[in-house]
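Worksheet: one structure, shown below.
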Amino acid sequence: MVTILAIESSCDDTSAAVIADGYVLSSLIANQDVHRQYGGVVPELASRSHQSNITPVVTEAVRQAGISAGSIDAVAFTRGPGLLGSLLVGTSFAKGFAIARNIPLIEVNHLQAHVMAHFILEKGKENRTPAFPFLCLLVSGGHTRFIIMKNHYDMEVIGSTIDDAAGEAFDKCGKVIGLPYPAGPVIDRLAAKGNPEAFRFAKPAVKGLDFSFSGLKTSFLYFIRDMLKDDPDFIERNKNDLCASLQRTIIEILAGKIIKAVSQTGINSVGIAGGVSANSGLRNAMTEQALKRKWNLFIPELKYTTDNAAMIGISGYYKYLRHEFSGHEITPLARY
Ligand code: KG4
Ligand code: ZN
């Protein structure tokens, strides 16, 4: 049995997980509420919170896994991309742990890990995993990318955003209407009570399999600004409809490109990953399209869509099988 301790600290969540032969034994996340009042993640506060959270989170992950620290075969950690100060905490902890126990250290790319979340196994579950080649749309707070996975190790990017990420579109537009950070999950919740056809916002025309969300953000901002001139209560009275219409627009952009990507690549093993793949509207739209177009669809469990250490652990497990280890001189990379 191969047992991996995994650590994820790229942004504002301190996470640790234990994975044995691909199965999750434990997966914990300590959220940092401190950023809410600032409307976004404050890097210095994030690293300080990681610093105080990391030892208790790892200790609890090992305890919940029901193993002894001595049975851990390797420690996997997020090397990047992310906030440098946050990454440093996880990287240093992982290094210290590996050196103290004399076990291998495994670096993981956070973006690849989001896609690898599709291969996480859970005891007592059906555990459907994608067939290769696998076409995955990664939609997170910082990235929007089409990735083709040829096998567990080989990923190719075939499209990407030219400006904002899909998650940023949710978060920045949410901020315009006074929603707390991160706005994505709040918009998802309010959208369920609104009319998705109430308002129309600009949809960018971007060639090929690339994306753009900055035009939508500007269109949303100007629309709100104009409406507030005549009606200061416009946002309050239309909040649910605004959320539903914004969400519909983002989903239409994403779904339109996925349909295009499937037809261009001829790959019908299709999935979504990353924080925005938690969106209920996007999940429903994908399920609908998959039925209609006979895709073999893969949507990760909700808890493995947003940042978590289990996805780092499953990535580390596959690297362990190939002995892809890192040296102790390794440093985190904000851009990876
Ligand atoms: O993957 P993730 O947890 O962190 C990054 O690697 O960026 O993604 C975070 C992003 C945020 O922009 C957040 O608003 C968005 O995912 N998000 C959602 C939902 N849950 C999280 N967006 C829309 N609907 C959701 N339910
Ligand atoms: Zn992420």
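The values are calculated or read from the model by the stated rules, or taken from the named source; none is laboratory data. Please read all numbers here as calculations on a predicted model, not as lab measurements. Virtual Cβ from ideal backbone geometry, glycine too; neighbours counted across all protein chains shown. Keep in mind that these areas ignore ligands, DNA and RNA; they rest on the heavy atoms of the full protein, side chains included. Shrake-Rupley method; radii C 1.70, N 1.55, O 1.52, S 1.80 Å.
Peptide packing: for 317-325, 16-24, the average count of neighbouring Cβ atoms within 10 Å per residue gives the ranking 16-24, 317-325, highest mean first. For the stretch 181-224 versus the stretch 67-113, the inter-centroid distance based on Cα atoms is 36 Å.
A protection proxy built from the mean count of other Cβ atoms within 10 Å ranks the segments 191-203, 163-175, 208-220, most packed first, as 163-175, 208-220, 191-203. Using a simple spin-label model with pseudo-atoms 7 Å out from Cα toward Cβ, Arg128 and Glu329 lie 4.7 nm apart.
Using the Cβ-Cβ distance between Tyr38 and Lys207 with R0 = 41 Å, the FRET efficiency computed as 1/(1 + (r/R0)^6) comes to roughly 0.65. Modelled spin-label separation between Leu302 and Arg101, with each label point placed 7 Å from Cα along the Cα-to-Cβ direction: 3.1 nm.
Convex hull of alpha carbon positions in the stretch 192-242: directionally averaged projected area 4.3 nm². Simple point charges give the picture: +1 on the Cβ of Lys and Arg, -1 on the Cβ of Asp and Glu, and for the chain a dipole about the Cα centre of about 600 debye. Placing pseudo-labels 7 Å out from each Cα toward the beta carbon at Thr265 and Glu288 gives an inter-label distance of 2.3 nm. Can you give me the C-alpha center-to-center distance between the stretch 26-64 and the stretch 135-158, rounded to a whole angstrom? Distance between centres, Cα-based: 27 Å. Peptide packing for 138-146, 178-186 was compared via the average number of neighbouring C-beta atoms within 10 Å per residue; ordered from the highest value, the list is 138-146, 178-186.
Solvent-accessible area per residue in the chain equals 43 Å², computed with a 1.4 angstrom probe and all protein chains kept. Measuring nothing but protein heavy atoms, the accessible surface of the chain at 1.4 Å probe radius is 52 percent carbon and sulfur.
Binning all Cα-Cα separations of the chain at 20 Å, short to long from zero, yields these whole-percent fractions: 32, 56, 12, 0. Highest mobility in the GNM of the chain, judged by mean-square fluctuation with C-alpha springs under 10 Å and restricted to Pro232, Pro133, Pro204, is found for Pro232. Output wanted: per-residue J couplings in Hz (rounded whole) for the stretch 125-130, from phi through Karplus 6.51 cos²θ - 1.76 cosθ + 1.60, θ = phi - 60°, x for Gly and Pro. For the stretch 125-130, the Karplus-derived couplings read 10, 5, 6, 6, 10, x Hz, x marking Gly and Pro.
A quarter of the convex hull surface defined by the alpha-carbon atoms of the stretch 181-266 gives 6.4 nm² as the mean projection.
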